[in-house]
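Reviewing the structure listed below.
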Ligand SMILES: Cc1ncc(COP(=O)(O)O)c(C=O)c1O
């Protein structure tokens, strides 16, 4: 299908559900089609989102979706997995090959579920757990009021450098020596620059702490060899979502090596197996494991090129905004070494106002806290990411056009002009790249069975 760019639907009301089931089905189907139309006509700039390949997505509608497979291949609590079990083992092999490690668990259903499984593999409720600060880009689930804190871990944060939103290595290493946590966690949701892991791991080892690295945002960059190599640097476990810079299904993964012993003498990979199930999960969504396998196989072929292009695009986008006078974060450090950039838009009304205005004009992004901000609801920044734009084949020229549109939207330029130009640009990009083609396009309208 050629990229007609679609239309740009106006938002709908929120009708209450009534007794007429068919009316509800028609409403939901209609909204999903509107959603597709909107994304077909918009520039996608959310740093944590991406497009799965059409071939991997084919797995979502298979019978695997209907099945249970508690336990491990060959040792299940349910029958019916004779054909599925070799798939799961194969998907783990693909992950070990791509990430150059000897242990992979592909059962966590999300990054957060992978993190909770890893936390209880490395420690117990009541233990001290050290993580980056929220204002330094930490994921909210690592904090006192998030998944870690609510499960009884005492969260302490590393000191950070406000200019780069990264961990202040020397001071943090000292803090690790003083606090003596059971677990040192690294990884961020605003992950502009790699963490300087070696001295931090050294400090952790001195006090007997285990080390985990949450690669949710940067898994695809790591797979492409473009960010850092946490397992090579010596962390015990890498956890991740599999749908951000790694453009797979909405799922999770845990990676490590099979020769790591816990202080109590147990092998870490065995502990992880029991913490994933029955510790945190029951079923683990078999259709998504199959889809992950296809995404991993594609990544073995395409990920290096994709990761390089994603980071290059982020740098061009940052330059484009900076040259138009926008306050891109970390100018003295080259803005970013990842897929993400941050922009201070306080002068244009703040992150909440700018991101809402931009959405109405066909630019989808999110508001974000900057160092010094106290409110996540009305922060001064916006976060922009290049994974999805790169995935549909955009390059440097398009990043400069996108920078112009973001600038216009921020300064309150004419909505219709920005929207029209966004539509024109998007019309030319309607295929998912960095995978083997199927003929299906990005944002194709779903085909629903008629009701009558
Ligand atoms: C660093 C980090 N960890 C974990 C998560 C949670 O991932 P999921 O949505 O797969 O649970 C996110 C989500 O954005 C994240 O940025």
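Every number in this text was worked out from the coordinates using simple rules, so none of it is lab data. Please read these numbers as outputs of a predicted model, since none were measured by experiment. When we count neighbours, we look across all protein chains shown, and the Cβ atoms used for this are built from the backbone with ideal geometry, even at glycine.
Below is a table of values for the structure above.
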{"quantity": "Whole-Å distance, taken between Cα centres, linking region 48-94 and region 339-369", "calculated": "38"}
{"quantity": "Euclidean distance between Cα centres, region 225-253 to region 401-434, Å", "calculated": "31"}
{"quantity": "Gain upon complete extension [residue 85, residue 312; 0.36 nm per residue less C-alpha separation]", "calculated": "77.8 nm"}
{"quantity": "Relative contact order %, the chain, counting alpha carbon pairs below 8 Å whose residues are six or more apart", "calculated": "22"}
{"quantity": "Calculated FRET value between residue 93 and residue 452, using beta carbons and R₀ = 45 Å, to 0.05", "calculated": "0.40"}
{"quantity": "Gained length - residue 140 relative to residue 274, 0.36 nm times residue gap less alpha-carbon distance", "calculated": "45.7 nm"}
{"quantity": "Fewest-first ranking of 77, 84, using other Cβ atoms within 10 Å as the exposure measure", "calculated": "77, 84"}
{"quantity": "Principal axis dimensions, the chain - Cα atoms, whole angstrom, descending", "calculated": "64, 55, 45"}
{"quantity": "Residue 150 versus residue 322: modelled label distance in nm, points set 7 Å from Cα along the beta carbon direction", "calculated": "3.9"}
{"quantity": "Residue order, fewest to most beta carbons within 10 Å, for 406, 201", "calculated": "201, 406"}
{"quantity": "Which of 243, 285, 65 has the fewest Cβ neighbours within 10 Å, and the rest in rising order", "calculated": "65, 285, 243"}
{"quantity": "Rounded to 5, percent antiparallel among DSSP beta bridges of region 56-292", "calculated": "50"}
{"quantity": "Overall form of region 375-418 per C-alpha gyration tensor (a/c, 1.5; a/b vs b/c)", "calculated": "oblate"}
{"quantity": "Segment residue 20-residue 174, extension gain: residue separation times 0.36 nm, minus the distance between their alpha carbons", "calculated": "49.1 nm"}
{"quantity": "Within the chain, helix-based [θ] at 222 nm, where runs of 4 or more DSSP H residues each add -39,500 (n - 2.57), nearest 500", "calculated": "-12000 deg cm²/dmol"}
{"quantity": "Normalised contact order of region 56-292, rounded percent, pairs of Cα under 8 Å and 6 or more residues apart", "calculated": "28"}
